[in-house]
Structures are given as structure tokens and as C-alpha cells.
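This report refers to the structure that appears directly beneath it.
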Amino acid sequence: MVGQDWKRIVIKVGSALIAPEGKGTSTRYLLAIAQFISECKQQQIDVVLVSSGSVAAGRSAIPFSHQPLPINVKQAMAAVGQTRMMAVWSQLLDCPCAQILLTHDDLRDRKRYLNIDNTLRTLLSHGVLPVVNENDTVATKELKVGDNDNLAAMVATVVEADALIICSDVDGLYTANPRTDSNAQFIPVVPLITAEIFAMAGGSHHHIGTGGMLTKIQAAAKATAQGIDTLIINGQKAESFVGLLHRQPVGTLFKAQAETLSAKKHWLLHSSKASAEIVLDAGAAKAVLNQGASLLAKGVSGIQGDFDKGDAVWLVNTDGVRLAKGVSQYSAPELEKIKGIHSQEIAVVLGYCPSEVAVHRDDLVLLSPEKLSTDQQR
Ligand code: GLU
């Protein structure tokens, strides 16, 4: 796995591994996963953990025998179970763990998305393990992603992970359900997710978690379309993790699609509205265009129009040629005050410094050369 040059991975661990009996948390499978996470971190690989299990872990505290569970009971169980699940991870890992609870609404809203992105990035840069789950206690059906496989794919997109590893209780994808069909063939590699692949997935087969193979394929489709390799592995087998660390093929690999814009950049380029402009001095224009750099306040020579923090803006050179589109970390009035100054002085001038950069390179999409030359003619 390390041999594949993955620098940042998202690992999704399902309820069946966290609470195998469906009653409370158990370290039975989590020990090997925690060791794997520690080993990745040792190797300077950023890890984000998406952990299910809040409802399953809280079940024993709120006895309730009727199925399906009413929403209020589920939410109460999640409130109890979330802290229990976090406690288990904190015990097993020697790095600090941070709890991030999200709903679909948080990811749809660009400003909240940006805040999540910033928080995750800050945590990773400090060696903290973000542990993400859906905010089951407050989210109702309409606000939810609904399953942690898809949530993990979204998180992988947010942090621009190189790989998404979905830990399941089966070895990977089979042509049919191996539990019910003895002719089911294992599929080690899926170059492209087609309707035929979806058809192999069937429905959920587990009573503890929410997802089944179908939500895993949906997640793989989301992630691979954003250029993220996705693996479904058997998280109940310690050998899976040993294999990954020894660069052996493990589970089913859904290959990342080449030539994709990240969802964020796709959103930025195609869905965001931008009218205002940030004017870059020559040095900043060169750094942004040729070196993949973020835009620093120091490289800003002017601002045209008004915008708020989190808004999309055009990045133009001093001739007014549009070079890129990006999300500003500062409002126009703030940027007006800090333009041309060093990042360390931002706090002195503004009294606060929410970001070291004006536009982060991960929130910036360069315009293609054709687009550039068209714009140049205008
Ligand atoms: N968020 C749910 C929980 O923690 C699980 C969702 C899932 O299993 O996909 O209990």
C-alpha cells in the first residue's frame, strides 16, 4: 500500500467490526485496524477514520426490543454510543483522536464544507486522527447521507485522499453473494464501475450496520470518479492489514479514474458563482500557475468587487487576464487590509488569522490554456 504512493487515506470501519454482537463495542477487530492506522502514521501517511457504530455501541444502554427502532430511540442510542465508540479508538491509538460529526447538509453547504475541510487539514497537519461519523443524534432522514460508506467517499473527496479503504466483513466483491451462492467468484480488480458491477452488489446482508455491498459500490463509484483508489477489504482479518502494508493485493481494488477534477474543483469550476476578482502580482501569478502554490496575502496587489469569506473569486494577473478560480479564505474588505503583507502579520493587522493563505491551492482551479488564451483576447 505504501508502495502505491498513497499519502493520504480514508479508512471506513463499519458497525459489524465495532460492535460485532450488535450490543456494545468490542476490540476484537479494532486492535488490528488501530495497529494499521498507527503504522500508516509512522510512515507519514495521513489517515482519516470514518467510524460507524454509535447506534450499535449505544444499544445496551437503552434497551429496546422492537424493530425497526423509532428515530428518537436511535438518536438516543447514538448519543450514548458515540462517546463509547470514540473512547475505544482513543484507547487503542497512541495519537490524539478528534471527533467530527457531519450531516449531508454540512457537506452541501459550501461554507460549512470549507470549514470541515480546514478543520480536517489542520488536524492532519498536527498528527491528530480525525474520527468522522454521521451526526446521528441530530440528523433526520432528509439531512442524512444515510450510510457511512457514502459518507466516507464524500470525506475522501473533501480531503482529496489518494485511497479509500472500506473495511467490511467480507473479502471484497464477488460475482454473487458468497454466503448464499457457492458459485460466486471473487473479483480482485474493478477497472471501471459499470451497471454490471452494481448488479453484483445485491442488498444489505447485515443486521448491525446500515450499508451492504450496494452502498460500498456507490461509495467506490463516487470516490473513483474523483480519482481516488477504493478498496473493499475484510476488516475482520488481521492479514488484510498485514497484506496492505506488504504491498500485496488485498480485497477488491476499484481503480481511480484518470483525468478527473476533484469534486471540489469540479464544483468550483462549474457550479460556483464568481464575479469579483483578486489581482495577483507577477510573482504570485507565476507561483500559482507554475508551482501549484497557494495564493498568499503578500501576492495580492488588488481587489475588484465584493465577496465574502468562502466565496468563489477569479484570480487575475495585473493585465486583468483570468488565470484561475478559487475560494477566498478572506472577505474583500479583509483582503484589502492585508494585501501585500506577510502571513505572519495578518493577525497583527486584522486581530485574528483564520488562514495563513488567501486562497488555498486545494481550493483553486487553474483555467485551461485554451480558456486562458480566449480570455486573453477579450
Ligand atoms: N452512522 C451510523 C452509526 O454510527 C452507521 C451508519 C452505517 O453503518 O453506515 O451507527
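The values are calculated or read from the model by the stated rules, or taken from the named source; none is laboratory data. Just so you know, these numbers come straight off a predicted model, no measurement behind them. We place every Cβ from the backbone using ideal geometry, glycine too, and count neighbours over all the protein chains shown. Just the protein is used for accessible areas: all its heavy atoms, side chains included, with ligands, DNA and RNA removed. Shrake-Rupley method; radii C 1.70, N 1.55, O 1.52, S 1.80 Å.
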### Message
So for the range 329-336 (the condition being within 30 Å of A225 (Cβ to Cβ), at pLDDT below 95 and buried (at least 21 other Cβ atoms within 10 Å of the Cβ)), does at least one residue qualify?
### Response
no
### Message
Suppose the filter is within 11 Å of the ligand (Cβ to nearest atom) and closer than 20 Å to L164 by Cα; does V50 pass it?
### Response
yes
### Query
Here are some conditions: (1) at pLDDT 95 or above; (2) more than 14 Å from the ligand (Cβ to nearest atom); (3) surrounded by 19 or more Cβ atoms within 10 Å (Cβ to Cβ). Q91 meets all but one. Which one does it not meet?
(3)
### Task
Taking only the range 61-78 into account, find how many residues are farther than 23 Å from D149 by Cα, within 14 Å of the ligand (Cβ to nearest atom) and assigned to a loop (DSSP other than H, G, I, E, B).
1
### For G58: the one exception among (1) more than 16 Å from the ligand (Cβ to nearest atom); (2) surrounded by 14 or more Cβ atoms within 10 Å (Cβ to Cβ)
(1)
### Query
Cβ-Cβ below 9 Å, separation at least six or inter-chain, first residue in the range 171-199 and farther than 13 Å from T224 by Cβ, second open to solvent by 60 Å² or more (accessible area, probe 1.4 Å) and among the basic types (K, R): which pairs?
D171/K237
## Note on the structure
Note: among D171, D105, D94, just one is of a type outside the set (A, V, I, L, M, F, W, C) and under 22 Å from G22 (Cβ atoms), namely D171
### Task
Starting from residues that are polar (S, T, N, Q), open to solvent by 40 Å² or more (accessible area, probe 1.4 Å) and within 16 Å of the ligand (Cβ to nearest atom), keep the ones in the range 105-148 and report whichever is farthest from K12 (Cα to Cα).
T140
